[in-house]
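Only the coordinates and a few stated rules stand behind these numbers; no lab work does. Note that the structure is predicted; figures quoted are calculated from it, not measured. In this analysis, Cβ positions are derived from the backbone assuming ideal geometry, glycine residues included, and neighbour counts consider all displayed protein chains.
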There are 2 protein chains.
Amino acid sequence: MANIKDIAKLAGVSVTTVSRVLNGHPYVSMAKREAVLQAMETADYERNINAVHLSKGRTNLIGVVVPYITRPYFGMVVEGIADEAIKDNYKLVLIQSNYEAERELDALMMLKLKQIDALIICSRTCSWETVEEYTQYGPIIVLEDGRGHQVSSIFMDHYQSFTRALTYLRSKGHHKIGYCLARQSSPNSNLREAAYRDFYRSRNEAYNHDYMFYDCVQLEDGEWIMQRILEMDDPPTALLVTSDQVAAGILAFCRENGIDVPGQLAIVGFDNQPIARMMHITTFEIPLVEIGRRAFLQAVGGGRAHEEIHLNMIERQTV
Amino acid sequence: MANIKDIAKLAGVSVTTVSRVLNGHPYVSMAKREAVLQAMETADYERNINAVHLSKGRTNLIGVVVPYITRPYFGMVVEGIADEAIKDNYKLVLIQSNYEAERELDALMMLKLKQIDALIICSRTCSWETVEEYTQYGPIIVLEDGRGHQVSSIFMDHYQSFTRALTYLRSKGHHKIGYCLARQSSPNSNLREAAYRDFYRSRNEAYNHDYMFYDCVQLEDGEWIMQRILEMDDPPTALLVTSDQVAAGILAFCRENGIDVPGQLAIVGFDNQPIARMMHITTFEIPLVEIGRRAFLQAVGGGRAHEEIHLNMIERQTV
């Protein structure tokens with residue numbers, strides 16, 4: 001596909017001039033403007049690109065499945081993918097799954113039908129068996145531990161980082177530790193729950209199921225979590241919250257209701273989003289934009305790879 | 001394209017069963033599972049969809065240009081577009097422009113090359129002339145006042161809502177009112193600045209250029225804005241902030257530094273994002289998800305239309 005440089009060459013003007021014409025910049029002579037528009041018209045844009053795809057077998061489109069585009073977590077991953085894609089002249093086809101298998105299958109079908117060159121699944125809903133049936137049609141990249149499966153993957157050490165967070169809270173004297181997760185049944189949640197159970201079992205200690213909160217995904221969820229905690233006779237003294245948005249919602253509720261953080265309740269977040277920096281929340285840094293970049297590079301790189309990302313804890317003021 | 005119902009019919013099973021197979025649900029007999037997988041294989045998925053596009057002249061893809069996907073403002077618009085698109089079996093091709101004309105032109109080229117059926121530009125960078133050259137190739141929808149141009153548009157009454165906000169602040173006794181905008185030269189910013197100038201000029205009053213802040217887009221920008229205000233001999237007593245994210249950043253800085261809001265500084269935000277509800281920020285509600293939905297409907301509806309959206313002010317605790 002011709003780009004701005006080709007147009008400049010064809011029109012006999014500089015790239016800057018083309019850019020100015022496109023931007024409607026006032027200081028371009030009418031003659032040059034005409035030349036640029038003419039060049040755009042006569043450049044090889046006219047051929048139907050879909051026909052080109054048929055012959056080349058490539059679309060320069062990468063499919064990206066996200067459960068909800070509005071969640072900052074996924075927004076940052078998509079930004080990383082988009083940043084890298086633009087360099088290689090790829091575009092993204094966005095499929096919002098709402099965690100419905102049919103929508104994710106739709107994306108897998110696009111790969112099979114060669115409407116996209118590769119597929120990145122940011123949070124999987126379909127079974128491994130379903131996903132693996134489609135790997136014969138093009139690269140599939142998942143953002144979870146995909147070792148042992150016919151996909152490429154980039155994943156975080158959720159088990160280790162949860163263990164580290166628990167050890168850290170224990171070192172601060174906390175025994176009654178709760179957690180707030182998003183989906184109860186997701187691969188990432190399973191790893192975190194395993195880390196939690198193993199932590200308590202290895203110490204021969206019991207843990208309280210009332211301290212486990214699920215479906216915690218956005219700012220507003222902080223309120224019902226805290227209301228439930230306030231009703232407990234024996235509430236947790238610390239919470240591991242796998243989203244800074246939710247952690248911020250909990251912290252805001254505490255501040256408004258005179259609950260001392262970390263005195264009465266310690267909070268550890270995850271992601272290190274801007275809101276965690278702003279509210280001084282102790283959190284684990286997840287390099288989401290970088291993860292998106294690497295996912296794209298896996299998508300176009302060929303071959304299968306599995307990359308594990310280690311998370312760093314950032315101590316601030318909520319523990 | 002065959003969907004889950006077609007597969008169910010072909011396999012002689014219920015839609016629920018197909019869904020269970022896709023989800024890897026354990027309670028499905030091996031025979032039914034095989035039937036479903038077989039049906040998926042023999043369904044008409046094999047034809048190359050790009051060839052279908054050539055004959056039908058449709059791709060069922062809608063291009064969406066956003067400057068930055070991570071900004072909640074645009075994330076909410078894209079969610080609205082995606083919500084509506086899925087109902088009609090459309091998918092979105094996301095083009096992150098970073099406000100670079102070349103990237104936006106790339107999206108316009110996709111329309112010309114019939115890689116997408118329509119294009120929604122959430123925040124325009126190219127000139128009207130450039131955009132209008134491409135309307136012959138398919139519907140183009142802009143999220144700004146497009147009346148008088150060869151496009152469809154959905155736009156908010158930025159002039160009126162800014163005027164209402166100024167009148168409201170004046171009724172509360174404020175004369176030294178500043179504003180925080182994103183891009184200085186955008187169509188929306190121009191309307192807001194015009195409303196501001198007209199408000200002061202119609203009252204024969206002078207206004208202070210030091211009270212005008214630009215490039216205010218995210219949470220972190222609250223800090224430098226407040227630091228600049230703290231250095232002023234004669235600071236503003238109220239701020240109109242066209243992003244709740246920035247308003248939240250300003251408010252957080254004030255709370256940490258003992259600046260009384262609204263006593264020393266009144267703040268009016270825009271968008272009514274979750275963070276504005278959480279921090280009790282007085283703001284204008286912009287129905288971003290609804291705007292996204294309507295943009296999609298314009299994109300597939302045919303014909304040109306211009307819809308104006310009226311914004312409502314929500315009084316909370318920052319004025």
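Summary of values
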| read-out | value |
| --- | --- |
| Computed magnitude of the charge dipole of the stretch A:158-287 (debye, nearest 20; Cβ of K, R +1, Cβ of D, E -1) | 560 debye |
| For the stretch A:150-200, size of Cβ-based charge dipole, Lys and Arg +1, Asp and Glu -1, in debye | 220 debye |
| Cα-based shape type of the protein assembly as shown, given that a ≥ b ≥ c are square roots of the gyration tensor eigenvalues and the cut on a/c is 1.5 | oblate |
| Semi-axis lengths, Å, the stretch A:158-287, gyration tensor of Cα atoms, sqrt of 5 times eigenvalues | 20, 17, 14 |
| Estimated FRET transfer efficiency (A:MET212, B:GLU132; beta-carbon r; R0 60 Å; 0.05) | 0.60 |
| Net lengthening on full extension, A:GLN227/A:ASP157 (0.36 nm per residue, minus Cα-Cα) | 22.1 nm |
| Distances in nm from B:LYS9 to the matching label points in the other copies, shortest first (labels 7 Å along Cα to Cβ) | 5.2 |
| Assigned charges on the beta-carbon of Lys, Arg, Asp, Glu; the stretch B:246-309 dipole about Cα centre (debye) | 180 debye |
| Using a Förster distance of 45 Å, the FRET efficiency for A:ARG147-A:ILE259 (Cβ separation, nearest 0.05) | 0.60 |
| Selected from A:ILE259, A:ILE281, A:ILE309 as most flexible by GNM, with chain A as the system and alpha-carbon contacts under 10 Å | A:ILE259 |
| Nearest-first distances (nm) between copies at B:HIS209, label 7 Å from Cα via Cβ | 6.8 |
| Förster radius 56 Å - calculated FRET efficiency between B:ARG197 and A:HIS310, Cβ distance, rounded to 0.05 | 0.55 |
| Other-chain or far-sequence residues with amide H under 5 Å of B:THR283's (modelled H) | B:GLY269, B:ILE314, B:ARG316 |
| 0 to 90° range, to nearest 10: angle between helix A:244-256 axis and chain A longest Cα axis | 50 degrees |
| Label spacing, shortest first and in nm, from B:GLU132 to its equivalents in the remaining copies (7 angstrom along Cα→Cβ) | 5.8 |
| Given charges at Cβ of Lys, Arg, Asp, Glu: the protein assembly as shown dipole, positive-most of A:THR59, A:PHE155, A:CYS180 | A:THR59 |
| Relative contact order for chain A, counting Cα pairs under 8 Å that sit 6 or more residues apart, in percent | 17 percent |
| Max mean-square fluctuation residue, GNM over chain B, Cα-Cα springs under 10 Å, options B:ALA35, B:ALA266, B:ALA238 | B:ALA35 |
| Among A:SER29, A:SER153, A:SER186: highest mean-square fluctuation, GNM of chain A, C-alpha pairs under 10 Å | A:SER29 |
| Distant-in-sequence amide H partners of B:ILE120 (H built 1.01 Å from N, under 5 Å) | B:GLY63, B:VAL64, B:VAL65, B:ILE141 |
| Point-to-point label distance, A:ASP6-B:THR167, nm (Cα→Cβ direction, 7 Å offset) | 5.4 nm |
| Free-standing Cys residues across chain A, given no other cysteine C-beta under 4.7 angstrom | A:CYS122, A:CYS126, A:CYS254 |
| Whole-angstrom gap from the stretch A:251-319 to the stretch A:133-196, using each part's C-alpha centre | 13 Å |
